[in-house]
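Undergrad: Structure below; questions to follow.
The values are calculated or read from the model by the stated rules, or taken from the named source; none is laboratory data. Here the structure is a predicted model, which means the values were calculated and not measured. FYI the Cβ positions are ideal-geometry reconstructions off the backbone, even for glycines, and counts take in every protein chain you see. Surface areas here come from the heavy atoms of the whole protein model, side chains and all, with no ligands, DNA or RNA. Shrake-Rupley method; radii C 1.70, N 1.55, O 1.52, S 1.80 Å.
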Amino acid sequence: MDAKPVLAVIGGTGKEGRGLAYRWARAGYPVLIGSRSPQRAHDAAQVIRDRLGPDAQVEGRDNLQAAREADIVVLAVPYAAHRATAQALREAVQGKIVVDVTVPLQPPKVTKVHLPPEGSAALEAQAIFGPEVQVVDAFQNISHHVLWSDATPEMDVLVAGRGKAARQTVMRLVEDAGFRAWDAGPIENTIVVEGLTSVLLYINKRYGGPHAGVRIVGVAQD
Ligand SMILES: NC(=O)c1ccc[n+]([C@@H]2O[C@H](COP(=O)([O-])OP(=O)(O)OC[C@H]3O[C@@H](n4cnc5c(N)ncnc54)[C@H](OP(=O)(O)O)[C@@H]3O)[C@@H](O)[C@H]2O)c1
């Protein structure tokens, strides 16, 4: 069996990143939690080891070191920090897949779609990283509460981004995290995947939530 890739979760001390780190560590991936503060990263890794047991392969690093050591880098920082974080990691992610989890929300109006000038956070990241990096969106439509829970999720994950092989790799990560994954097409489609989050947040607000999601019906998986 092939060794599992090392995953870095940049912003892994936060709500969404910690949930992803938890699910991947639970599935046996080596996970590096990235933070601006190595101490916060170590503390977040400890919380996950406390939950999963000492065999869980999860450690803390500063963001840059985590990205350097990883095979696949996951960006899970607030949109306000997305551009600067991507620029700081540019060299470290060359030749790698970057899984972008960012939604370009504009607080406090998070229930209204906001599209950045490039179209989506993923397109912004792709422009910063350049052609040797494949940026793939996933998990935009999954609440951190769902990630941190052990319940089997009802909702699916849409995977859109640059390159079919890269999307397949990310779909495997999504499935190992416990979700059904759908190939949702090229990076231009991230505009809709990211925008959909504001629609779901609106539905949560309008109907009392708690975790609206999408489920694809009417088609069989490969
Ligand atoms: N929360 C959800 O349910 C959810 C669902 C889908 C998608 N997302 C997306 O996932 C991303 C992370 O969301 P979140 O809720 O996890 O955010 P969060 O908890 O507010 O922040 C995540 C981490 O980002 C780092 N960070 C915060 N401000 C920063 C800055 N100015 N510069 C650099 N790093 C900064 C922090 O890590 P350090 O301080 O340790 O560096 C923080 O722990 C967002 O883009 C969000 O749209 C979230």
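Undergrad: Could you tell me which numbered condition GLY95 fails, if it satisfies all but one of (1) in a helix (DSSP H, G or I); (2) more than 21 Å from ARG23 (Cα to Cα)?
TA: Result: GLY95 passes all but (1).
Undergrad: Kindly evaluate LEU123 against the criterion of being more than 12 Å from the ligand (Cβ to nearest atom) and of a type outside the set (Phe, Trp, Tyr).
TA: yes
Undergrad: Taking ILE72 and the conditions (1) open to solvent by less than 50 Å² (accessible area, probe 1.4 Å); (2) without any contact (Cβ under 8 Å) to a residue 40 or more places away in the chain, which numbered condition does it fall short on, given that it satisfies the others?
TA: (2)
Undergrad: Let me ask something else about it. Could you please find all residues in region 28-46 being within 19 Å of the chain's Cα centre (by Cα) and open to solvent by less than 60 Å² (accessible area, probe 1.4 Å)?
TA: GLY28, TYR29, PRO30, VAL31, LEU32, ILE33, GLY34, SER35, ALA41, ALA44, ALA45
Undergrad: While we're here: Within the bounds of region 178-188, is there any residue that is among the acidic types (Asp, Glu), closer than 15 Å to ARG23 by Cβ, away from the ligand (no atom under 15 Å from the Cβ) and open to solvent by 20 Å² or more (accessible area, probe 1.4 Å)?
TA: no
Undergrad: Same structure again: Select from region 99-129 the residues that are open to solvent by 50 Å² or more (accessible area, probe 1.4 Å), within 26 Å of ALA165 (Cβ to Cβ) and part of a loop (DSSP other than H, G, I, E, B) and list them in ascending order.
TA: Scanning region 99-129 gives a single hit, GLU118.
Undergrad: Among the residues of region 32-83, what is the count of those that are assigned to a loop (DSSP other than H, G, I, E, B) and within 14 Å of the ligand (Cβ to nearest atom)?
TA: Residues flagged as assigned to a loop (DSSP other than H, G, I, E, B) and within 14 Å of the ligand (Cβ to nearest atom) within region 32-83 amount to 5.
Undergrad: Then there's this: Yes or no: region 143-162 includes at least one residue that is within 16 Å of the ligand (Cβ to nearest atom), assigned to a helix (DSSP H, G or I) and exposed (fewer than 15 other Cβ atoms within 10 Å of the Cβ).
TA: Yes, region 143-162 contains at least one residue that is within 16 Å of the ligand (Cβ to nearest atom), assigned to a helix (DSSP H, G or I) and exposed (fewer than 15 other Cβ atoms within 10 Å of the Cβ).
This table checks each residue for (1) in a helix (DSSP H, G or I); (2) hydrophobic (A, V, I, L, M, F, W, C).
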| residue | (1), (2) |
| --- | --- |
| GLY178 | no, no |
| ALA184 | no, yes |
| THR190 | yes, no |
| VAL199 | yes, yes |
| TYR202 | yes, no |
| ARG206 | yes, no |
| PRO210 | no, no |
| VAL217 | no, yes |
